[in-house]
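The values are calculated or read from the model by the stated rules, or taken from the named source; none is laboratory data. Keep in mind the model is a prediction, meaning the values are calculated, not measured. Here Cβ is always computed from backbone atoms with ideal geometry, including for glycine, and neighbour counts include all displayed protein chains.
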Amino acid sequence: MAARHKRRGIGRGVKVALVTTFVLVLLGGGTAYAAYRYDRSAADRILPGISVAGVDVGDMTRDEAIRAVQERADLTLTDDLVVSAAGYSWTVTPEALGTTADVEAAVARAFAVSDGISLFSRLSHRLRHIPVEETFELEFAYDGTAVEDFVRQAYAVVALPAVDARFALVEDELVTRRSSEGRELKAQLATQRILKALKGHMGSVEVPVRSVEPQVPTASLGTSIVVDVSENRLWLYEGLKVVKEFRVATGTPGFPTPVGTFEIVDKRENPTWTNPDPEGWGAGLPAFIGPGPGNPLGTRALYLDAPGIRIHGTWDDSSIGTAASHGCIRMHVEDSEEMYPLVSVGVRVIVKP
């Protein structure tokens, strides 16, 4: 009888243990399920202690985080950038130059932190408000095409064409002009520097310009001769500077000195005169006159590409300052000798009325 009572007691103890275990399992399972439910319900909020671009987005929903981070991004996108070049300046914004911020991607990275830790860790951070201490920077995208468009507009403002030197007869008047350098933006380098300024969140940037050389600099004008028929004067120029001035004789009304722009094509010392019109005004004159005091060309002659026209000396000093020749330009013999070595074949000769 005693043995049977003992077996009943043992059976009763096992049952109690089983019930206790079952209850504990139920309780544990309920807690785990509750924890799971809580984790799922909080999944639409970022873990505490996470920041994006300096904005604390912990416990925010996706929409709340996007709005908060977008406000911070807008401060950068609408901040002034002063671009300057050659004394000009433009105030623009990164947004106007095509810069954008990928706010949604940054917020998505903040949400993704919870996927990399355990359920227990997530619960611990959420329930005990333990900050994760994760920071994400906002990524900006830069539009090179928009910056290039801006540079093209700035280029048009800054551009200053080079000015060529000029020494010409225009509408019977002598026009002279010194050359000057131009300028233009270094477009490619300007684009690079502006993009660098945008990426560095700089407030200002100086973009470079280059000098543009004239095709005809003043120094290239060389030597020129100008004859004014109305004043019977001749000026010798070096570049745009008068270095010599002489009184001359020019053609009579019946044989006017041609007006225009010519060139010296030949030069002779002690030239031989050839009768240019033996059937006309030269009738009765020798066919040739050799060097010497009787030579109509004096001792020096410069031959122009205008037919029969020369700048030459004359023994008839009284004719200087008058309209006395058959179209040629006469000088005192000593003046022609002084000017002769100063000019060469190819020199420009401008005759103005």
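Of note:
- A search for C-beta distances below 9 Å between a residue of the stretch 51-62 that is closer than 16 Å to residue 112 by Cβ and any residue that is among the acidic types (Asp, Glu) and part of a loop (DSSP other than H, G, I, E, B), counting only pairs 6+ apart in sequence or on different chains, returns 51/133; 52/137; 61/44; 62/44.
- Scan of the stretch 325-353 for residues that are hydroxyl-bearing (Ser, Thr, Tyr) and either more than 12 Å from residue 234 (Cα to Cα) or touching a residue at least 60 places away in the same chain (Cβ under 8 Å) (or both), ordered by number: 325, 340, 344
- Yes/no for residue 267 being of a type in the set (Lys, Arg) and closer than 30 Å to residue 182 by Cβ: no
- Looking only at residues of the stretch 153-163 that are surrounded by 13 or more Cβ atoms within 10 Å (Cβ to Cβ) and of a type outside the set (Phe, Trp, Tyr), we find that the one that is farthest from residue 190 (Cα to Cα) is 163.
- Some residue of the stretch 228-236 being under 30 Å from residue 89 (Cα atoms) and either out of contact with any Ser or Thr (no Cβ under 8 Å at 6 or more places or on another chain) or aliphatic (A, V, I, L, M) (or both): no
- Spans of strands (runs of 3 or more DSSP E) in the stretch 171-269 with at least 3 residues touching a strand residue (DSSP E or B) at 6+ places or on another chain (Cβ under 8 Å) and under 30 Å from residue 80 (Cα atoms): 182-185, 204-206, 209-212
- Of the numbered criteria (1) crowded, with 16+ Cβ neighbours inside 10 Å; (2) at pLDDT 95 or above; (3) at negative phi, the one residue 275 fails is (2).
- Residues of the stretch 128-162 that are aliphatic (A, V, I, L, M), free of Cβ contacts under 8 Å to residues at least 60 places away in the same chain and within 27 Å of residue 69 (Cβ to Cβ): 141, 146, 147.
- Test set (1) surrounded by 14 or more Cβ atoms within 10 Å (Cβ to Cβ); (2) part of a loop (DSSP other than H, G, I, E, B); (3) of a type in the set (Val, Ile, Thr) - residue 130 fails condition number: (1)
- Within the stretch 56-69, tally of residues that are surrounded by 17 or more Cβ atoms within 10 Å (Cβ to Cβ) and in contact with a strand residue (DSSP E or B) (Cβ under 8 Å, 6 or more places away or on another chain): 6
- Applying the set (1) surrounded by fewer than 17 Cβ atoms within 10 Å (Cβ to Cβ); (2) in contact with a helix residue (DSSP H, G or I) (Cβ under 9 Å, 6 or more places away or on another chain) to residue 168 leaves exactly one unmet item: (2).
- Taking the criterion of being within 60 Å of the chain's Cα centre (by Cα) and assigned to a loop (DSSP other than H, G, I, E, B), the residues of the stretch 273-318 that qualify are 276, 297, 298, 299, 305, 306, 307, 308, 309.
- Among the candidates 299, 322, 272, the residue that is within 23 Å of residue 351 (Cα to Cα) and without any contact (Cβ under 8 Å) to a residue 60 or more places away in the chain is uniquely 299.
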